[in-house]
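The values are calculated or read from the model by the stated rules, or taken from the named source; none is laboratory data. As the structure is a prediction and not an experimental result, all values here were calculated from the model. Positions of Cβ are backbone-derived with ideal geometry, glycine not excepted, and every protein chain shown enters the neighbour counts.
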Amino acid sequence: MRRIVVIGTGLIGTSIALAMRGRGVEVLLSDRDGACLDLAVQLGAGTPLPDDGPDEPADLAVLAVPPAAVAPVLLEAQKHGLARVYTDVASVKALPLREAAVLGCDLTTFVAGHPLAGRERSGPAAARADLFLGRTWALCPAGDTAPEAVAVVEALATACGARTLTVDAAEHDRAVALVSHSPHVVSAAMAARLRGADEVALGLAGQGVRDVTRIAAGDPRLWVGILTANAGPVADVLDEVATDLAVAAALLRDGSDGAMDHVAGLLTQGNEGTSRIPGKHGGRQSRYAVVPVVLPDRPGELALLFQAAGVAGVNIEDVSIEHSPGLAVGVVELSVEPAAAGRLADELRARGWSVPG
């Protein structure tokens, strides 16, 4: 690829542009929001698309717009001959494909796509060139999409560091309803309970509530568009979750031993479901030992901690930080291979850190 056009300079569009600029590809940017476009340009994501279009069609045009906008933007881009191949990045696939067919878009050159990467923040300021490293990039080509077009979009995903997965559009939408869209609504519902929380409750807030509500910080306008486009599959999942919660509430009010046995059953099913989430390298999750370290809240402390792990010859598989409210310390939990936990703990204690246990 020598040149691509990115329409939409939000988080995903700008991240794709930054990744491709890092590969030496010329990137032309377009956005209705002039401020977003200017910021993306200042970040080095590319140059503005000329009003009369490029002097020759780009190799690829990426439509980084909400699901409802994909079909009309695709039609307009194809009318102006912006590129030889087109793709999108919306998190819903059946609706854009259906609407594109109704509008008469050329589906032979369009590959519906969805990079499964994101952040709680939105906009070009949150963009990162490495956003897609190791992530899955779903491709949902229509029945008449040309293989050559699919190959171009596969090349884009690979250049961004992602791995591609070809899947039927309807199956994709049912899957993301379960693993992405419904979790956001559930997180928002839990976070909404905090609006009226008193200072005692907020002062007791720990990592559990932070974990459950983290994704609720997403842009509501963006999420309304996503949920509207995938309403049916999301509603099905939410109905099932709501049933489980309603049953659990009734059992808790009952309070009998038999009722609590049923609650324990739901919690066990949760354990089983969590264990099925793929690990960081795909496949089954690995079981790691956790080494907790009490860490002073001062500059450079984390860097020294990681350096010590390197000296000990221990690879840190995962890390989490739990801050102590009102105190200038926190607990860093380092997930490592079980056989390496003792060696790491000894190295950290020798360097003066407090390692409980």
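At a glance:
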read-out	value
Subset of the stretch 338-357 (residues that are outside any helix (DSSP H, G or I) and surrounded by fewer than 15 Cβ atoms within 10 Å (Cβ to Cβ))	351, 352, 354, 356, 357
Enumeration of residues in the stretch 91-119 that are in contact (Cβ under 8 Å) with a residue 40 or more places away in the chain, among the charged types (D, E, K, R) and within 21 Å of residue 148 (Cβ to Cβ)	93
Set 63, 49: member being among the hydrophobic types (A, V, I, L, M, F, W, C) and either farther than 16 Å from residue 153 by Cβ or outside the structural domain of residue 157 (by TED's automatic domain parsing) (or both)	49
Members of the stretch 309-335 found to be hydrophobic (A, V, I, L, M, F, W, C), in a loop (DSSP other than H, G, I, E, B) and modelled with pLDDT of 90 or more, listed by number	312, 314, 316
Any hit, the stretch 164-187, residues being within 28 Å of residue 109 (Cβ to Cβ), of a type in the set (D, E, K, R) and at pLDDT below 95	no
First in the stretch 287-308 and in a loop (DSSP other than H, G, I, E, B), second anywhere and among the charged types (D, E, K, R), Cβ under 9 Å, 6 or more apart	288/317; 288/318; 288/337
Leading residue by the ranking (farthest from the chain's Cα centre (by Cα)) among those in the stretch 1-38 that are among the small types (Gly, Ala, Ser), within 18 Å of residue 77 (Cβ to Cβ) and assigned to a helix (DSSP H, G or I)	17
Residue satisfying condition, being surrounded by fewer than 16 Cβ atoms within 10 Å (Cβ to Cβ) and either in the same structural domain as residue 53 (by TED's automatic domain parsing) or outside any helix (DSSP H, G or I) (or both), within set 112, 101, 90, 77	101
Selected residue [more than 20 Å from the chain's Cα centre (by Cα), of a type in the set (S, T, N, Q) and closer than 29 Å to residue 93 by Cβ] from 213, 268, 274, 243	243
Tally, over the stretch 64-74, of residues that are closer than 16 Å to residue 228 by Cβ and either among the aromatic types (Phe, Trp, Tyr) or part of a helix (DSSP H, G or I) (or both)	6
Residue within the stretch 65-88 that is without any contact (Cβ under 8 Å) to a residue 60 or more places away in the chain, at positive phi and out of contact with any helix residue (DSSP H, G or I) (no Cβ under 8 Å at 6 or more places or on another chain) present	yes
Pairs, first closer than 18 Å to residue 3 by Cβ in the stretch 14-38, second in a strand (DSSP E or B) and small (Gly, Ala, Ser), C-beta under 7 Å, six or more apart	28/58
Tally of residues being farther than 16 Å from residue 66 by Cα and either at pLDDT below 95 or surrounded by fewer than 24 Cβ atoms within 10 Å (Cβ to Cβ) (or both) across the stretch 1-17	3
Any helices (runs of 4 or more DSSP H) falling wholly within the stretch 148-224 and containing at least 1 residues that are charged (D, E, K, R), surrounded by fewer than 12 Cβ atoms within 10 Å (Cβ to Cβ) and outside the structural domain of residue 119 (by TED's automatic domain parsing)	199-203, 207-213
